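The values are calculated or read from the model by the stated rules, or taken from the named source; none is laboratory data. The structure presented is a predicted model; accordingly, all values stated were derived computationally and were not measured. Heads up, the Cβs are rebuilt from the backbone with ideal geometry, glycines too, and the neighbour counts pull from every protein chain shown. Note: accessible area is taken over every heavy atom of the protein model, side chains too, but ligands, DNA and RNA are not part of it. Shrake-Rupley method; radii C 1.70, N 1.55, O 1.52, S 1.80 Å.
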Amino acid sequence: MIRLYHHPLSVPSRFIRLAVGECDLNCELIEERPWERREDFLLMNPAGTLPVMQEDNGPPIVGAWPASEYLDETRGFALDEHRLLPASADGRAEVRRLLDWFLGKFDPEVTVYLAEERVIKREMSRLGMDSSPDSSLLRAGRANIRMHLRYIDHLIVEQSWLAGDRMSYADLAAAAALSVADFLGEVPWQEYEEVKDWYARIKSRPSFRPLLNDQMRGVTPPAHYADLDF
């Protein structure tokens, strides 16, 4: 049994949820609000970041990158042609480059701004924490997402998936990032039809369905969020 400490608006958490789903593993989801600095969680991960994955009684696996590598090393070969990291060193390097792009660049430049300013700061204020929204960061996130959508469009011009001819961790990371923005109604899909078609393919996969059922207090996703044929 996989136990995953996550938050619905955490892109790295959503990425690992998708990876676990693609491995067809049972997963117990434990929602963690990292801004609360819960003592038991900090004992597992002193950095206080998400996700944290634990299998059975094994040690906590902290972070999306270590968790994805762990899943590949323990389940990758069983997936055969559906393995989420390519067999070749060059292919694996490209997937890892894109993984770093979407988790290390898209997320802090887009989804962190959108989620924190629209939702997280409101939750923090319930705890009496000083957390006034900054409209300039919202504007930055909304501007930055277009650059990232153009990059995804560039990647899929001549190939079916972001890193080649089959789905990989790169696609799951990008879809995780877009899914958070989409949950908040912040993706201008009408301007990027090719990206929308690529996203719809991932969105229709069984691994994605739990994400479509996510709920957050005070947030009403757009009607198309859970629509597989949006």
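Values for this structure:
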item: Nearest-10 value in Å² for the accessible area of I30, using the 1.4 Å probe; result: 40 Å²
item: Within a Gaussian network of the chain (alpha carbon springs, distance under 10 Å), most fluctuating of S13, S135, S207; result: S135
item: Å² of accessible area per residue within the chain, as computed with a 1.4 Å probe and no ligands counted; result: 47 Å²
item: Nearest-10 value in Å² for the accessible area of R122, using the 1.4 Å probe; result: 80 Å²
item: Computed FRET value (nearest 0.05) for L138 with D197, which takes r as the C-beta separation and R₀ as 25 Å; result: 0.35
item: Cubic angstrom per residue, convex hull over Cα atoms of the chain; result: 120 Å³
item: Debye intensity ratio in log₁₀ form over the Cα atoms of the range 64-166, taken at each q of 0.13, 0.14, 0.19 Å⁻¹; result: -0.65, -0.72, -0.97
item: Accessible area of the chain belonging to carbon and sulfur atoms, whole % at 1.4 Å probe; result: 48 percent
item: Candidates V187, V157, V110: whichever shows maximal mean-square fluctuation once the chain is modelled as a Gaussian network with Cα springs under 10 Å; result: V157
